Each structure stands twice: as C-alpha cells, then as structure tokens.
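**Q** Structure below; questions to follow.
Bear in mind that the values in this text are calculations on the coordinates, not laboratory data. Quantities reported herein were computed from a predicted structural model and do not represent experimental measurements. Quick reminder, even Gly has a Cβ in these numbers, built from the backbone with ideal geometry, and neighbours come from all protein chains shown.
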Amino acid sequence: MTDTVAPVTLAPARPRDARSEPLWLKILLIVASLGFIGFMLVLPLVSVFVEALAKGLGPYFAAISDPDALSAIRLTLLVAAIAVPCNLLFGLCAAWAIAKFDFRGKALLITLIDLPFSVSPVISGLIYVLLFGIHGWLGPTLDHYGIKIIFTTSGLVLATIFVTFPFIARELIPLMQEQGSEEEEAAISLGASGLQTFLRVTLPNVAWGLLYGVLLCNARAMGEFGAVSVVSGHVRGLTNTMPLHVEILYNEYDFVGAFAVASLLALLALVTLVIKSLLEWKFGDRLAAGMKH
Amino acid sequence: MADTASSSRPRLSLRWKQPSVIPGFGITLGFALTYLSLIVLIPLAALLLRPVELGFEGFWTAISSPRVLASLRISFGCAFIAALINGFFGLMVAWVLVRYRFPLKRLVDALVDFPFALPTAVAGIALTGLYAPNGWIGHFLVPLGIKIAFTPLGIIVALTFIGLPFVVRTVQPVLQDLDPEFEDAAASLGATRWQAFLFVVLPSIAPALLTGFALAFARGVGEYGSVIFIAGNMPMKSEVAPLLIVTKLEQYDYAGAAAIAVVMLCVSFLILLGVNYLQRRFSRHREKLA
C-alpha cells in the first residue's frame with residue numbers, strides 16, 4: 001500500500017487520498033462498469049438458457065437429441081479433433097525453432113503466424129473456395145481425380161485450421177523464449193537426445209501454457225461460424241457443424257431448437273472460461289506473456 | 001554435438017542462423033514454414049491474385065458499385081462507432097478492475113473474456129432475441145420509438161459485444177504496471193485528481209488504449225456471425241461487407257467476392273501495421289520509464 005509515502009515537506013494533507021477518487025465517483029464507476037458488463041455480457045448469456053428452456057425440459061432435450069443436431073455435434077467434435085492437433089504440432093515446431101534458435105527473419109515469421117487473426121472469418125473461408133471451389137484454380141483438376149474439398153468435411157477442417165492457426169503458437173513462443181535454452185543445452189551436453197530433451201525438459205516447462213493454448217484453440221474451433229459457413233454448403237446431417245445448425249434452426253423460426261443447441265455452445269464457452277481462469281489464477285505469472293487472446 | 005542432423009544441414013544456413021548445440025532446427029522450422037505456406041500464405045496469395053483477372057477497370061467497377069460501397073461504409077462505420085464505445089467503457093472496466101476492490105471482482109474479470117469464448121452465432125441469436133421488438137430490452141424501446149434489431153444500431157450492439165475484451169485486455173496490464181509515484185508526484189504538486197488522470201495516467205495508457213481500439217475496430221470490420229442475425233441485412237442499409245462477399249460467392253461471382261475481400265484485407269493490414277508501430281513506440285516508452 002501507499003503508507004510508505006512520507007516525503008517530509010511536500011506530503012499532501014491527506015496522503016492516502018493522493019491517488020484515490022472521492023467515494024461517490026468510485027461507486028459510480030463500479031456501478032457503471034457492472035451495469036455495462038451485466039447489460040452487454042450477462043444478459044445475453046442468461047437469455048440463451050431462458051430461451052432454450054422456454055417450453056420446458058422436454059422440448060429442450062428433444063431438440064438436442066434430434067438426429068440432425070446429433071450429427072452436427074459429432075461433426076463439430078470431429079473437426080476440432082483434427083484441427084486442434086494439427087495446430088498443436090505446428091505450434092510446438094514453430095515455438096521450438098523460434099525460441100531455441102537465433103536466425104534472421106524471426107520477427108517476420110512471428111508476424112506471419114499472427115496473420116490469420118487479422119483476416120475476416122468470411123475471407124478465411126473464401127480463400128479456400130477460390131482455390132478448391134468449382135470455379136477455383138485447383139478445383140477442376142481435383143474434381144477430375146474425384147477429390148472434393150469444398151462442401152465436405154475436409155473444407156471445414158481446412159477453414160477451421162486457418163482461423164485457429166495462431167492460438168497455440170502465440171501462447172508457446174513467448175513462454176519458451178522467456179525460459180531460454182540453457183536447460184536444453186545442459187540436457188544435450190549430458191548426452192540426452194533431442195527428443196528426450198524435448199519430452200523431459202521442455203514439455204514439462206511449458207505444459208500449462210500448452211494446455212491454455214489448446215483450450216482457446218478448441219473453443220474457437222468448435223464455435224467458428226463465418227469461415228465454416230462459406231465452405232460448408234449447409235447440407236443437413238452431413239456438413240453442418242453446431243453453429244451452422246443453430247443458424248438453420250433459427251432461420252426456420254425453431255427458436256427453442258436453435259437456442260437449445262446454442263446453449264450447448266454457451267456451456268462450452270463457460271467451461272472454457274472457468275478452466276482458463278483457473279489456469280491464469282494458478283500459473284498467472286507464467287502465462288502472462290500471451291494473455292491477449 | 002556433431003549429430004547427423006546438424007552436419008547434413010547446408011553450409012549456407014550458418015550465415016543467417018547462429019550455431020547452437022540444440023538439435024531439431026531444420027526439421028521444426030521446415031515443418032513450420034511448409035505448414036504456414038500451405039495453410040496461410042499460398043491461399044492468401046491466391047486471393048490477392050484473383051482480382052487480377054478482372055483487370056484494373058474491372059476491379060474498380062467491382063468495388064465501386066453503390067451496393068459494395070454502402071456495405072463497406074456500413075462495416076467500417078459501425079465498427080468504428082462500436083470501437084469508440086468500447087474505448088470508453090473498456091477503459092472504465094479496466095480502471096475499475098485494476099484500481100478498486102468490490103464483491104465478485106474476480107468473476108467480473110473472468111467474464112470480460114466471455115465474448116472471446118462464446119461462438120459468434122450464439123452471440124448473434126442471443127442479442128437479436130434481446131433487442132428484437134418483443135425482446136427483453138427491445139420491448140422497452142418500442143414505446144420510445146427506438147429500433148435496434150434489424151437496423152445499423154443492431155450491428156453496433158453486436159460489434160460492441162464482440163470488441164469489448166480487446167480494449168480491456170490491452171489496457172488492463174498497462175494500468176496495472178503504471179508506477180503510482182507519478183500520480184503521487186502530480187498530487188503533491190497540487191494537481192487535482194482529474195488533472196492527474198488527464199495529464200499523467202491517460203498519456204501513459206494512450207498507446208495501449210489506441211491499440212485496443214484498433215484491435216476491436218479491425219475485428220468489427222470483418223465480423224460476420226454475430227452481425228448477420230441482428231442486422232436485418234437490407235442491401236444499402238444494413239448489409240455488411242462480409243455478408244456481401246458470401247452473397248457474391250453464392251452467385252459464383254468469385255472475382256467480385258475476391259475484390260471486396262482484397263479491399264478489406266488491405267485496410268485490416270494497414271490497421272495491423274499501425275498497431276505494431278504503436279506497440280513498438282509504447283514498449284520504448286516503457287523501457288524509458290523502467
């Protein structure tokens with residue numbers, strides 16, 4: 001606290017007030033902030049569950065266990081189960097190369113890794129349609145060999161990988177950079193192989209950051225809408241992920257159904273937030289580097 | 001040290017890479033670069049090259065049609081207003097979270113990230129439900145003659161929701177690290193609390209605030225999922241640029257869609273450059289203070 005402040009002559013009359021506002025202003029600011037958060041964030045969250053349960057538990061569970069909804073859930077899990085490990089492998093490789101070695105062009109590489117964050121989700125889907133679509137550059141050739149990417153699961157996976165591309169890498173890079181490479185050098189000089197060093201020295205050091213990155217990557221992978229919408233083709237039961245299924249139900253005025261599926265996604269967001277807060281709370285100092293996303 | 005991986009590496013690499021005893025440089029960087037190129041760089045390059053087939057004239061016609069210009073104006077305008085709102089409230093929330101103690105503070109702090117975690121489509125239908133004329137908030141506004149859902153105001157509401165964490169999470173750590181001595185000094189020299197905030201605190205957090213504003217703005221410009229439900233999507237009135245891209249794509253007007261995308265990308269890229277510049281200036285400023 002500021003109790004140590006005691007310059008002999010210049011001390012203000014009430015030193016404790018030097019850096020604090022009048023009580024009424026404090027209360028006003030706190031109430032305004034809580035009001036804004038409550039109005040903008042809490043109210044929409046609550047409304048999802050209220051709307052989902054508007055007609056009781058029966059219709060709610062009926063909506064969730066609808067075959068189309070189930071296949072949407074399965075597809076969402078499948079897409080995330082492919083996209084997240086791909087980006088995990090990339091994140092580990094990129095972080096190892098960037099954090100443990102010095103080479104030119106490193107800053108450029110880091111900037112390029114962040115690039116997908118500044119691309120609109122719709123554009124993230126569009127780029128693959130331009131490449132692999134029927135009128136795309138590679139589309140006709142691939143079609144000739146019977147390979148389809150757009151309007152299939154592969155397209156969904158590609159678009160999802162793109163939008164979640166930086167999550168794990170940007171979490172790991174600053175963390176591994178901060179830890180330096182002395183421990184690894186020691187392990188190598190004691191005769192450990194590269195893989196042993198990575199598994200026994202590096203990985204335990206970054207495990208929590210890794211989990212943090214995977215968590216955020218997964219949340220975005222399961223919730224992505226724009227990019228996936230462009231490449232999906234919206235075939236019910238085939239290429240509809242959960243967010244796309246929500247859209248279809250909503251546009252058909254099946255509000256209970258739409259909000260029921262949406263409530264599952266909101267639940268996912270809440271679980272993500274809780275685990276994220278726990279990780280930040282326990283390992284805050286170590287995670288601080290990349291908390292922005 | 002001289003394992004096979006490092007000795008088989010081409011000699012040229014030694015010039016741009018510092019030697020190291022740690023193995024695995026070639027394979028990890030090689031994989032990272034290949035993956036980056038295949039997933040991000042080549043598809044983006046293909047997008048940038050696509051409008052070339054239109055020629056300059058065609059490109060200009062594609063992006064200067066009234067409908068396209070209107071959609072760009074709506075996307076950028078609404079994102080700008082939403083970022084301004086977030087700049088104000090985000091600063092206030094960050095300030096309250098850093099400086100004051102109150103009940104449920106930790107919960108509120110965690111909730112700030114909620115828009116990052118919530119899928120955009122869910123945010124879209126939830127906000128539409130709230131602000132529709134028969135919604136919880138909307139039916140209070142109908143007697144006042146205010147319509148939010150299905151108008152550009154709705155777009156601003158959605159983009160405010162999406163952008164809030166960007167401002168709070170950029171300003172918060174800077175405010176946390178701000179040395180209290182400067183404010184004490186200002187106070188002891190006779191500055192009022194307001195003057196100390198305006199002339200001492202605000203200049204120190206201004207780069208972070210601007211960065212958060214720019215991030216929220218950039219995100220808002222490209223936002224799709226949360227907007228399309230609440231916007232009403234009337235061409236010329238409440239149709240955002242990403243939606244127009246989707247529309248063009250559905251009509252197989254690939255080049256037209258790509259042209260809009262290129263314009264949006266260029267602007268986002270400029271914003272990103274600006275943010276980087278600000279952050280670099282800001283970190284230098286912090287080093288000076290430290």
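**Q** What ranking do A:111, A:164 get, fewest neighbouring Cβ atoms within 10 angstrom at the top?
**A** Numbers: A:111 12, A:164 26.
Fewest to most other Cβ atoms nearby, the residues stand as A:111, A:164.
**Q** For chain A, state the average projected area of the convex hull of the C-alpha atoms over all orientations, rounded to one decimal in nm².
**A** Details: hull surface 97.6 nm².
Directional mean of the projected Cα hull area for chain A stands at 24.4 nm².
**Q** Choose one of A:121, A:180, A:110: the residue whose Cα lies farthest towards the positive end of the charge dipole of chain A (beta-carbon charges +1 Lys, Arg; -1 Asp, Glu; about the Cα centre).
**A** My answer, from the dipole projection, is A:180.
**Q** Of the options A:169, B:199, B:141, report the single residue whose Cα projects farthest towards the positive end of the charge dipole of the protein assembly as shown (beta-carbon charges: Lys, Arg +1; Asp, Glu -1).
**A** B:199
**Q** Normalised by the empirical 2.2 N^0.38 Å for globular proteins, what value does the Cα Rg of region B:57-116 take?
**A** Values: Rg = 19.3 Å, N = 60, 2.2 N^0.38 = 10.4 Å.
After normalising by residue count via 2.2 N^0.38 Å, the value is 1.85.
**Q** Quick check on chain B: take the gyration tensor over C-alpha atoms, sort the square-rooted eigenvalues as a ≥ b ≥ c, and tell me if it's rounded (a/c under 1.5), prolate or oblate.
**A** Details: a/c = 2.02, a/b = 1.05, b/c = 1.92.
In terms of gyration-tensor shape, oblate.
**Q** While we're here: Which order do B:239, A:280 fall in if you start with the one that has the fewest other Cβ atoms within 10 Å?
**A** Details: B:239 23, A:280 19.
By the 10 Å Cβ count, ascending, the order reads A:280, B:239.
**Q** Where does the Debye-calculated log10 I(q)/I(0) of region A:59-200 sit at q = 0.09 Å⁻¹, using only Cα point scatterers of equal weight, no solvent?
**A** Once normalised to I(0) and log-transformed, intensities are -0.44.
**Q** Give the Rg (one decimal place) followed by the Dmax (whole number) of the protein assembly as shown, computed from C-alpha coordinates and expressed in Å.
**A** Expressed in Å, the Cα Rg and Dmax of the protein assembly as shown come to 25.3, 87.
**Q** If you stretched the chain out fully between residue B:206 and residue B:182, how much longer would it get, using 0.36 nm times the residue separation minus the C-alpha to C-alpha distance? All intermediate terms of the calculation are to be shown ahead of the outcome.
**A** On the way: separation 24, 0.36 × 24 = 8.64 nm, distance 1.56 nm.
Difference between extended and current length: 7.1 nm.
**Q** If we count other beta carbons within 10 Å of each Cβ, what is the order of B:101, B:73, fewest first?
**A** Details: B:101 8, B:73 12.
Going from least to most buried by this count: B:101, B:73.
**Q** Also, quick follow-up: As an exercise, use a Förster radius of 41 Å and the Cβ-Cβ distance of residue B:270 and residue A:43 to find the FRET efficiency, rounded to the nearest 0.05.
**A** Working: r = 35 Å, r/R0 = 0.86.
Calculated value: 0.70.
**Q** Using +1 at the Cβ of each Lys and Arg and -1 at the Cβ of each Asp and Glu in chain A, identify which of A:156, A:269, A:221 lies farthest towards the dipole's positive end.
**A** A:269
**Q** Quick one: work out Rg over Rh on the C-alpha atoms of region B:161-290, Rh as Kirkwood radius. Intermediate values should be presented prior to the final figure.
**A** Details: Rg = 20.4 Å, Rh = 17.5 Å.
Using only Cα positions, Rg/Rh for region B:161-290 is 1.16.
**Q** In nm, what is the difference between 0.36 nm times the number of residues separating residue A:185 and residue A:54 and their Cα-Cα distance?
**A** Details: separation 131, 0.36 × 131 = 47.16 nm, distance 6.08 nm.
Once the chain is fully extended between residue A:185 and residue A:54, it gains 41.1 nm.
**Q** Return the sequence-ordered ³J(HN,Hα) values of region B:225-240 in whole Hz as given by the Karplus equation 6.51 cos²θ - 1.76 cosθ + 1.60 applied to θ = phi - 60°, using x for Gly and Pro.
**A** Using θ = phi - 60°, the values come out as x, 7, 8, 5, 6, 8, 6, x, 6, 7, x, 6, 10, 9, 9, 8 Hz.
**Q** Helix-only mean residue ellipticity at 222 nm, chain B, DSSP H runs n ≥ 4 weighted -39,500 (n - 2.57), per residue, nearest 500. What is it? Walk me through the numbers before you get to the answer.
**A** Numbers: 17 runs with 212 residues, N = 290.
Helix contribution divided over all residues of chain B: -23000 deg cm²/dmol.
**Q** What distance in nm lies between label points placed 7 Å from Cα along the C-beta direction at residue A:178 and residue B:197?
**A** Distance between label points: 3.1 nm.
**Q** Dipole of the protein assembly as shown, Cα-centred, from +1 at each Lys and Arg C-beta and -1 at each Asp and Glu C-beta, to the nearest 20 debye?
**A** Roughly 660 debye for the protein assembly as shown.
**Q** Based solely on C-alpha atoms, express the radius of gyration and the Dmax of region B:181-248 in angstrom.
**A** 20.9, 63
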